[in-house]
Every structure is written in C-alpha cells, then in structure tokens.
Amino acid sequence: MPDIAIVGAGISGLHLALRLQQAGVTTTLYAERTSEEVAAGRPLHLPVRFGRTRQRERELGVAHWEGRENGTYGVNLVAGGEPDIRFLGRLDEPASGVDFRLYLPRLTADYLERGGRVEVLKPEPAEIDRIAPRHDLVVVAAGRAATGLFARDEARSPYRTPQRVLTAGLLRGIAPVDPGHIHFQVTEGGEIFSTRILTADGPVHGVVVEALPGGPLERLAAFDHLADPAGFAAELLGLIEKYAPDLRQRVDAREFGLAKPGDALQGGITPVVRESWTVLPSGRVALALGDAWVVNDPLTGQGANLGSRSAFELADLIGEGGPLDEDFARRAAARLWRIAEPVVGWSNLNIGPPAEHLGQIFVTATEDQRVADAFVRNFNDPEAMWEAVKSPEATASWLKRITEGEETG
C-alpha cells in the first residue's frame, strides 16, 4: 500500500484522508493549526454542503449533523424590479450549513480515532518538500501553499481581479424559517445571501454580501467590525433594509449583530485554476486539491462540495494502484478536471456580465414551479446545471424539456 502525505486539513484534505483510511491506505495529515486553534479562531468559511456531499459524509461515517433542524430544503431567489422575480425552489436532498470551526475539528477527531496521524506543518513549499521523501505522493490541499508550487492555468483563469467584494458574517437576530432555506437576493449592487449555520454555540445565520466593485454594497467590506461591531451591524442592517426587504422582515433589530466578536470575513477572491500537479525538488510528485487547485467565487456555493467530490475521485484513483508518478498525475489531472470544469464554468458565468439567458430562467421559474425546482435541484448537480446554463441555446432547450414535462431536472 502507498503512503500518502496530505497537506491541508480543510474539507478536501479531511475527506481524502478519511476515504483513503477506509481503503487501508497509510496517510499523514499535515495541518497548519491544531484543532483547538481552529475551533477558537475566526470563521474560516460559511459553506453550504449540498446533498451529494452529505451522502459522502455518510459513507465516511462522519454525518454528525443529520437532524431535520440542521437541514436546508430550498433556495428562495428574489430579484425585485421589472419583472419582479421571486421563487422558492426545492432541493431534492437537504443541504446543511455547519460552522467549519465545529466541522473540521470533529472530522479530524474521527480520523485520529481511527488511527490517523496529524502533524502541524507550515504549508510552505520548502516545508512540503522537506517532508515529501517520507511518502510516495504528496497531495496539497492548502490554498496558502499553492502560489509557490502550482502555476496559474491561464487558459482556465479568465479573471485577474476579484469580481465581487465580499463581506460574510455569523449573525444573531434573524428569525428562522420552516422549512429552512437559503435566501438569495439579487440587486443592482450585487447579491445578499442568508442561511442557517450551526455553530458550537447553537444555530445562527450566515449572511454573505457579494458586492460589485464600485457599487452601493461595497462599503461594508471596508467597515472595521472589530473596532465598532455595533456600527458594523447597523451598516449591514441598513443595506438589508434597502436591498433585501424580504430578509429584513425576519430581522429583530434589537438582537441583530455578530454572534461573537470577530465573527466576520471581508475581502475579495480572485477566481483561479492552477496547474494540478508538479514535481518537487526532492523528486516526489505533488498534486493540487481543493483551494490549492481551484478557487471559485462563493456565489454558487460550490467550493466545499467540489473539494469533497474531488477528494473521493482522487482516493479512487490512488486505490486503483500503480506507481504514483508523473503519468499518474496526468491521469488524475484529466479525471479531476472533468469534475471541476462544470463548476468553474458555472461560477464564472454567474460573476460575469449579466447573462440574458440566466434571467430567462429566473423569469420562467417565477411563473412555473417545475422550473424553480429543477433549477434549484441543480445546485446539487453542477454538471446538470452547467448543461442548462452554458449557452442561450442550452438554456432554451433545458426550459423546453422542463416546461413540456419531458424531465424533472
């Protein structure tokens, strides 16, 4: 059996480590921080894990948050104006939002309890090369290490700057809905999301503001939430009141605020695809996974889900046997790109200039529940989503099939 180094203890690295562990493959997980440091730190991400990712968690034996109260059952998309777009599409399988400060330490504990090994390592190229000779293959799933190891794939990376300026926070004071759903508000200045997130202290709401650069939502990203948390909450509430009035109806202004000091993230993400493998100075092959390979804007909510699915695919490839050499890396690159390409295409389409055919889906979904459900179900099936939205012709064909009753997704 091979011996695999996995650098990075996010969802990609952990799902790969746990899957290989099930197959009897020896692994060592190299984490930048201890579980205690992760649990006590700032928010990492506010991911929603869709149904297929949750099924993989069941296969791994790490489905610790299965209660109905932890489920997200649909997406409520609202885009006011003319025409007035609003629909609640239903997911085919419940999604779930769990604070990664809770999620990652729990999965790390599962891995350790089953005999795994975890070491703390700075995810820097020299450090990765230092430990590489101990193993047959190095998988790098830590985004911080990517720049020094994996070159930008120019053909697959159309953007050079962030297309949205992001603010994300964990907030109290937003009333839940039953059944739970994601609120997805489209405005002239960007997008505002809200969904239930389970934290170590109980459920709160994650709110993400995706601001178009130069637009009216952008100023929130520059607000110092550490120095003035009350002012930050007031600024955010003002934006919600003006640009997401449906969400504002669920907010208790007296309670509204960050769940804990520092529970916010601000900045911008430049979408990028990097080369998926390299040969280290030591001679070992290093593969890129997760944020070390593909970084998408979070608008479509696919980052954690793509990381999980890619991890399972890579585990299957390793399990097929054979030398873990450059030929293996090329085969892995081709197989993994087939998974990532629809997600990258869909994500880049959504953050680009407004696409008229996407608007046509939204208009039709407002009028036809079948279209609303089919569109929202595709958040759990990125290949089907990309086939539905990749061109005006593809969208017209997809809408025709749904509205004429030929298929349901």
Residue match in region 30-42 (condition: in contact (Cβ under 8 Å) with a residue 24 or more places away in the chain, part of a strand (DSSP E or B) and of a type in the set (S, T, Y)): yes
Residues that are in contact with a Gly (Cβ under 8 Å, 6 or more places away or on another chain) and either closer than 19 Å to A40 by Cβ or free of Cβ contacts under 8 Å to residues at least 12 places away in the same chain (or both), drawn from region 99-124: F100, R101, L104
Some residue of region 118-125 being over 24 Å from E275 (Cβ atoms), of a type in the set (D, E) and in contact with a Phe, Trp or Tyr (Cβ under 8 Å, 6 or more places away or on another chain): yes
Cβ pairs under 6 Å, 6+ apart, first in region 221-246 and more than 30 Å from I85 (Cα to Cα), second among the aliphatic types (A, V, I, L, M) and surrounded by 15 or more Cβ atoms within 10 Å (Cβ to Cβ): H225/A264; P229/L258
Residue that is surrounded by the fewest Cβ atoms within 10 Å (Cβ to Cβ) [pool: residues in region 365-409 that are closer than 29 Å to A304 by Cα and polar (S, T, N, Q)]: T408
Set S397, S347: member being modelled with pLDDT of 95 or more, of a type outside the set (D, E) and not assigned by TED's automatic domain parsing to the domain that holds A292: S397
Qualifying residue in region 175-192 (condition: of a type in the set (S, T, Y) and in a strand (DSSP E or B)): yes
Residues that are assigned to a loop (DSSP other than H, G, I, E, B) and buried (at least 20 other Cβ atoms within 10 Å of the Cβ), drawn from region 83-132: D99, G116, L121, P123
Residue satisfying all of: in region 342-358; in a helix (DSSP H, G or I) and free of Cβ contacts under 8 Å to residues at least 40 places away in the same chain; nearest to E191 (Cα to Cα) among these: L358
Criterion (crowded, with 20+ Cβ neighbours inside 10 Å and over 30 Å from P229 (Cβ atoms)) met by exactly one of V139, V165: V139
Pairs, first closer than 27 Å to L44 by Cβ and outside any strand (DSSP E or B) in region 264-288, second at pLDDT 95 or above and among the hydroxyl-bearing types (S, T, Y), C-beta under 8 Å, six or more apart: T270/Y159; T270/T161; P271/S157; P271/Y159; P271/S347
Criterion violated by T34 - all others in (1) farther than 21 Å from A141 by Cβ; (2) assigned by TED's automatic domain parsing to the domain that holds G307 satisfied: (1)
Residues of region 272-295 that turn out to be surrounded by 24 or more Cβ atoms within 10 Å (Cβ to Cβ) and under 16 Å from the mean Cα position of the chain (by Cα), as a count: 6
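Of all residues in region 39-98, which are among the charged types (D, E, K, R) and over 25 Å from D291 (Cα atoms)?
Passing the criteria: E66, R68, E69, E82, D84, R86, R90, D92, E93.
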Test result for D263, surrounded by fewer than 20 Cβ atoms within 10 Å (Cβ to Cβ) and among the acidic types (D, E): no
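The values are calculated or read from the model by the stated rules, or taken from the named source; none is laboratory data. Here the structure is a predicted model, which means the values were calculated and not measured. No Cβ is skipped: glycine too gets one built from the backbone with ideal geometry, and neighbour counts run over all protein chains shown.
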